[in-house]
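The values are calculated or read from the model by the stated rules, or taken from the named source; none is laboratory data. This structure is a prediction, so every number in the text was calculated from the model and none was measured. Neighbour counts run over all protein chains shown; Cβ positions are idealised from the backbone, glycine included. What goes into the accessible areas is simple: the full protein's heavy atoms, side chains included, and nothing from ligands, DNA or RNA. Shrake-Rupley method; radii C 1.70, N 1.55, O 1.52, S 1.80 Å.
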Amino acid sequence: MQTIAKPLTHEEFRAMQFSEVEEKAYIFELIDGEIVAKNHPSATHQLVLLELAARLREFVKASNSGKVFIAPFGVVPESGTDVQPDLFVVLDANLPKLQEDGFFGVPDLVVEIISPSSIKLDRNTKFKLYERTGVAEYWIVDTKYQSIEVYGRQGNGYDLISFAVEKGAVQSSVLSGLSVEVAEVF
């Protein structure tokens with residue numbers, strides 16, 4: 001990997017060339033001008049992602065309210081950041097920020113599925129990033145504990161607005177009327 005002396009912009013990051021070995025080993029994101037390497041997802045991660053994506057897509061499509069995207073698809077909420085959330089929703093009002101090569105704005109809802117290697121990144125770094133850039137709702141999905149935490153905007157920050165472990169359902173404030181049964185996702 002290249003050594004970087006100054007914070008990168010998303011344009012510089014997208015112009016970088018990673019080696020074949022690096023690309024096989026990691027997924028790269030840019031957060032606050034710094035490159036972050038993360039492990040590829042596990043089979044469990046992908047199964048949970050597909051279940052959640054299907055439920056959110058079905059709801060969004062039925063309500064004709066926006067679009068649902070899954071990784072790998074870049075989100076650039078600010079110049080020094082280019083991340084690939086596991087899943088994100090863009091409501092109709094924000095669709096003009098969608099381009100073929102990424103979403104250049106702030107998604108309305110973001111879902112990250114944590115794994116042992118991404119706990120700090122998803123619970124701290126990305127939590128603060130999404131909170132700071134104005135993502136209205138952030139879901140943290142934990143496959144180990146079969147839980148879903150839903151954080152919603154309260155003033156300038158997030159508050160936990162819905163939570164379920166193993167059974168029960170979580171609700172969305174961004175997608176009013178959406179309820180996801182945890183047992184059906186894991």
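For the pair Ile161 and Lys61, a Förster radius of 35 Å applied to the C-beta separation gives a FRET efficiency near 0.90, rounded to the nearest 0.05. 3J(HN,Hα) couplings calculated from phi for segment 73-83 with the Karplus curve 6.51 cos²θ - 1.76 cosθ + 1.60 (θ = phi - 60°) are, in sequence order, 7, x, 10, 10, x, 7, 4, x, 9, 8, 10 Hz; Gly and Pro show x.
When the accessible area of the chain is split by element with a 1.4 Å probe, what percent falls to carbon and sulfur? The nonpolar share, carbon plus sulfur, comes to 52 percent. Here the 3J(HN,Hα) profile of segment 106-118, calculated from phi with Karplus coefficients 6.51, -1.76 and 1.60 at θ = phi - 60°, is 10, x, 7, 9, 10, 10, 10, 9, 7, 9, x, 7, 10 Hz, Gly and Pro shown as x. Partner lysines whose Cα lies under 18 Å from the Cα of Lys120, excluding those fewer than 8 positions away in the same chain, are identified as Lys38, Lys128, Lys144. Going by alpha carbons, how many degrees (0 to 90, nearest 10) lie between the helix axis of 43-63 and the longest principal axis of the chain? The two axes meet at around 60 degrees.
Annotation: amide H of Gly66 within the under-5 Å range of Asp92, sequence separation 5 or more or interchain, hydrogens built in the peptide plane. Only Cα pairs under 8 Å and 6+ residues apart enter the sum, and on that basis the relative contact order of the chain stands at 14 percent. Remark on Ser162: its backbone amide H falls under 5 Å from those of Val150, a criterion applied only to residues 5 or more positions apart or on other chains, H modelled at 1.01 Å from N. Rounded if a/c is under 1.5, else prolate if a/b is larger than b/c, else oblate: which is segment 1-94, with a ≥ b ≥ c the root eigenvalues of its Cα gyration tensor? In terms of gyration-tensor shape, oblate.
What does the C-alpha gyration tensor say about the overall shape of segment 17-61? Classify as rounded when a/c is under 1.5, otherwise prolate if a/b is larger than b/c, or oblate. Here segment 17-61 falls in the prolate category. Under 5 Å from the amide H of Trp139 lie the amide H atoms of Val110, Val111, Glu112, Tyr151, each residue being 5 or more positions distant or on a separate chain, with H modelled from the backbone and absent for Pro and chain starts.
Read through the labelled values (1) 1.17; (2) 1.40; (3) 0.95 and report the label of the one computed as Rg/Rh (Cα atoms, Kirkwood Rh) from the structure. Label (3) holds the value from this structure. Taking θ as phi - 60° and the Karplus parameters 6.51, -1.76 and 1.60, the scalar couplings of segment 147-154 work out to 10, 10, 10, 10, 10, x, 5, 9 Hz in sequence order, x denoting glycine and proline.
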